[in-house]
Amino acid sequence: MMDDEQKKQEAADEQLINDAFQHLLDSYLESCHRKKVDIITKAFNFARQAHKGVRRLSGEPYIMHPIAVAQIACEEVGLGSTSICAALLHDVVEDTDYTTEDIENIFGPKIAQIVDGLTKISGGIFGEQASAQAENFKKLLLTMSDDIRVILIKICDRLHNMRTLQSQPPNKQYKIAGETLYIYAPLAHRLGLYKIKSELENLSFKYEHPEEYQSIKDKLKETEATRHDLFSKFTAPIEEALNKMGIKYHIKERVKAPYSIWSKMQNKHIPFDEVFDILAVRIIFTPQNRDEEVQECFNIYAAIDKIYKSHPDRFRNWLNHPKANGYQALHVTLMSKQGRWIEVQIRSDRMDEIAEQGFAAHWKYKENADNEDGIVEDEGELNEWLRTIKEILDDPQPDAMDFLDAIKLNLFASEIFVFTPKGEIKTMPTGCTALDFAFSIHTFLGSHCIGAKVNHKLVPLSHKLQSGDQVEILTSKSQHVQPSWINFVSTAKAKAKIQNILRRDGREIQKTGEEVLTAFLQKNEIEMTSNVIDQLTTFHNLKKREELLQAVGDKSIILGSEDVDELRGKHKKKGSKTGWRRLVPFIGPGKSKQAEGQKQPELFIVPEKFNRKKPIYINDDNISQYKFRNCCQPIPGDDILGYIDNKNHIEIHKRDCPVANKLKTSYGNRILDAKWDMHKKLLFDATIRLGGIDRMGILVDLSRVITSQMNVNIRRLTINSVDGVFEGSIELRIHDRDDVKDIVNNLKTIDGVQDVKQIV
């Protein structure tokens, strides 16, 4: 009987696999690539045999994953046979006994090189330690600069992992989602894969904040009919005008993604109803003459500008100077007859395909493109970016997190165009300074920069550049790199160069500091060990040993008897220096903070055989056993996670906290799922900002709503009124996030109150 069941299962698996592979072949045959079906079939059969009998956590045969990755590479990124084969084989070397040499012997050097690159960065690019994580990320970027297809396939692999993330336990979901938001979505953005970038962000959002995700999805569905109506009324006159011009086109309704809506709600502290750019209109046309497509974009703009009034400050032209990732379009914001601003994006079918598929789509529009996978050698801006990455990689010892942040700076940056004194155009990130510009031209120019002339006016190094500025850099041989420079550069290249120069200068001072420290410890008969240096580093509120040696070397720290007492254990433990709240920000009913603080329970220590897959529950009794960091101040009702620190204590963070994002990316194996189990016994601090039209008695109404209706204590109420308009803040003690929402909603009902935002 068991054999029959087994045979049925095997037959069902066989059918599933064959159908998935046939779908892949069909998609490939519909593409414009040369038809190399034989080698794809060969790669499929090889991978199928290699992964035989292995299943994923979801229960399906493992080979379904490589097929799905190949399907994404083919259908959604537009790659050809070499990439499809590499995608089918990407886990073979990692998970089976086959080697890269075996792949090369059977499939040739190019496929083997890509598979080798994918193997080096497998298993998630980050390990347990931050240093290992930095090394793996370096490998990813180095293999990427050898062949961009490595990172394209890696992004396809990550997209499929995100689509099937429900089979993972929550702590793994937070790790993978955090890593995706921190690295893979920005990489997809940088390579022009907007559709994939958007899906990666939404899937991460769905797993980290399931309730908010569902709430936004529901609200989008509720407002769908209104949006369609607005879209139809807005586009009807545009269609009429374009039809008269004889243009072949289609108009798409683009709805803002849930993650983008949520990000805007968080950043601007506004509800869903106040996000007004949810709808955008996309006009995609087929040019009558490919050489005239830019002119045709402007012709369409001229036609619709006669119908609707355009917003003077929201005109974006990426036609003559595309974004660094190849994106080309004309964006204009128009006032609809319904009184709503609506963004219209005008682009040709070629521009649209590049916007969807990124650099992988360029090959279709290159004259005599011989490379069947469409990876063209000279992709100007992309190669410039890869060169910048190589320069950062040349820096011998970057700190893991600084290194990640430096790369990330150049991933999501919007762009401006600036001109050299000779009129040459350079693309720079938005928010860059004159010093960034100097370093982008040459390291010598940057390191000896004393100022700049922007549009022929003298400005300091920290001056922020605007699109269209003409910039001349002024230098002096006596100028040297200053530590303060790191605070007002924003590009990865400039930061890396400044840190490199400062590190080189700092080594001499650190050497002096080490000699002074050694002599000091010998004099006091204390052995110089790693623990001793770490203890002194913590004692002086520093993060790294190098900082201590630097401070001792430049005499900003003078070692004395206090240090000796600390090393000999004569000081009491000082919780205040560690950057976390030993006294969590809550009080029980009828207790003062002082009374609450007289006897603190010991912090929970994670035992060796702790089950990290199970959630931890924070309740009224055990809340003091966890660390609450000052970075995000979570309260009951917030989506939270736990992080096991170096002392095996558990820190609690909001899931969208910037510090937590780095922890998820660097130390994913230490992340825990955490849930609240509170019963409105304890009070937490919260701050609400509000503003509106001033009138007699408004202060009384505010107090009445909060204290009478809500039965909530006000800790501080600050109101400033100028010319009949007031703004202020209210600090409260509440039980949980629901209390805050109720208070915000009730405050909105007061006559004169226009704007209410919850800040902390």
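The values are calculated or read from the model by the stated rules, or taken from the named source; none is laboratory data. The model shown is predicted, which means the values in this text are computed figures rather than measured ones. With ideal geometry, Cβ positions are generated from the backbone for all residues, glycine too; neighbour counts draw on all protein chains shown. The area values use the complete protein model at the heavy-atom level, side chains included, leaving out ligands, DNA and RNA. Shrake-Rupley method; radii C 1.70, N 1.55, O 1.52, S 1.80 Å.
Some points to look at:
- Residue check for Arg715: within 25 Å of Lys654 (Cα to Cα), of a type in the set (D, E, K, R) and at pLDDT below 85: yes
- Lone unmet requirement of (1) farther than 18 Å from Val93 by Cα; (2) touching an Asp or Glu at 6+ places or on another chain (Cβ under 9 Å) for Asp19: (2)
- All of Lys154, Lys175 fail the test of being crowded, with 21+ Cβ neighbours inside 10 Å, of a type in the set (Lys, Arg) and in contact with a strand residue (DSSP E or B) (Cβ under 8 Å, 6 or more places away or on another chain), apart from Lys175.
- Checked against the criterion of being hydrophobic (A, V, I, L, M, F, W, C), within 27 Å of His189 (Cα to Cα) and modelled with pLDDT under 90, the candidates Phe298, Phe285, Phe315 yield just one match: Phe315.
- If the condition is being assigned to a helix (DSSP H, G or I) and open to solvent by less than 10 Å² (accessible area, probe 1.4 Å), then segment 75-105 contributes Ser81, Ser83, Ile84, Cys85, Ala86, Ala87, Leu88, Val92, Ile103.
- Being within 22 Å of Lys748 (Cα to Cα) and in contact (Cβ under 8 Å) with a residue 60 or more places away in the chain holds for only one residue in Phe276, Phe285, Phe272, and it is Phe276.
- Residue pairs whose Cβ atoms lie under 8 Å apart, separated by 6 or more positions or on different chains, with the first residue in segment 468-494 and aromatic (Phe, Trp, Tyr) and the second open to solvent by less than 60 Å² (accessible area, probe 1.4 Å), are Trp485/Leu435; Trp485/Leu461; Trp485/Ile498; Phe488/Thr433; Phe488/Leu435; Phe488/Leu461; Phe488/Ser462.
- Out of Ile39, Ile111, Ile72, Ile67, sole residue that is open to solvent by 40 Å² or more (accessible area, probe 1.4 Å), part of a helix (DSSP H, G or I) and out of contact with any strand residue (DSSP E or B) (no Cβ under 6 Å at 6 or more places or on another chain): Ile39
- Residue tally, condition of a type in the set (Lys, Arg) and over 18 Å from Lys662 (Cβ atoms), over segment 163-191: 2
- The set of residues from segment 461-474 being open to solvent by less than 50 Å² (accessible area, probe 1.4 Å) and under 25 Å from the mean Cα position of the chain (by Cα) comprises just one member, Leu465.
- Residue within segment 714-736 that is outside any strand (DSSP E or B) and in contact with a helix residue (DSSP H, G or I) (Cβ under 9 Å, 6 or more places away or on another chain) present: no
- Every test in (1) loosely packed, with under 14 Cβ neighbours inside 10 Å; (2) part of a loop (DSSP other than H, G, I, E, B) is passed by Ala519 save one, and that test is (2).
- Residue satisfying condition, being open to solvent by less than 30 Å² (accessible area, probe 1.4 Å) and of a type outside the set (D, E, K, R), within set Ser310, Ser348: Ser348
- Failed item in (1) closer than 21 Å to Leu159 by Cα; (2) assigned to a loop (DSSP other than H, G, I, E, B); (3) of a type outside the set (Gly, Ala, Ser); (4) open to solvent by 40 Å² or more (accessible area, probe 1.4 Å), with Lys52 passing the rest: (1)
- Figure legend. Inter-residue proximity from segment 717-730: first residues closer than 20 Å to Ala686 by Cα and open to solvent by less than 60 Å² (accessible area, probe 1.4 Å), second residues basic (Lys, Arg) and part of a strand (DSSP E or B), beta-carbon distance below 6 Å, spacing 6+ or different chains. Indicated pairs: Ser729/Arg689.
- Checking Lys457, Lys493, Lys477, Lys453 one by one, the residue that is within 33 Å of the chain's Cα centre (by Cα) and basic (Lys, Arg) is Lys493 and no other.
- Strands (runs of 3 or more DSSP E) (entirely within segment 618-694) containing at least 3 residues that are open to solvent by 20 Å² or more (accessible area, probe 1.4 Å): 671-677, 683-693
- Taking the criterion of being open to solvent by less than 20 Å² (accessible area, probe 1.4 Å), touching a residue at least 24 places away in the same chain (Cβ under 8 Å) and closer than 20 Å to Arg503 by Cβ, the residues of segment 530-569 that qualify are Leu548, Ala551, Val552, Gly553.
- In this entry, Leu502 is excluded by the filter for residues that are under 30 Å from Lys426 (Cα atoms), of a type in the set (A, V, I, L, M, F, W, C), open to solvent by 60 Å² or more (accessible area, probe 1.4 Å) and not in a loop (DSSP other than H, G, I, E, B).
- Among the candidates Lys256, Lys252, Lys219, the residue that is in contact with a Lys or Arg (Cβ under 9 Å, 6 or more places away or on another chain), modelled with pLDDT of 90 or more, basic (Lys, Arg) and buried (at least 16 other Cβ atoms within 10 Å of the Cβ) is uniquely Lys256.
- Qualifying position, being of a type in the set (S, T, N, Q) and at pLDDT 85 or above, among Gln625, Gln594, Gln600: Gln625
- Exactly one residue out of Phe231, Phe205 is buried (at least 21 other Cβ atoms within 10 Å of the Cβ) and among the aromatic types (Phe, Trp, Tyr): that is Phe205.
- Positions within segment 1-50 being over 17 Å from Cys74 (Cβ atoms) and among the basic types (Lys, Arg), in sequence order: Lys7, Lys8, Arg48
- Candidates Ile425, Ile416, Ile450, Ile407: the one that is exposed (fewer than 15 other Cβ atoms within 10 Å of the Cβ), of a type in the set (Val, Ile, Thr) and modelled with pLDDT under 85 is Ile425.
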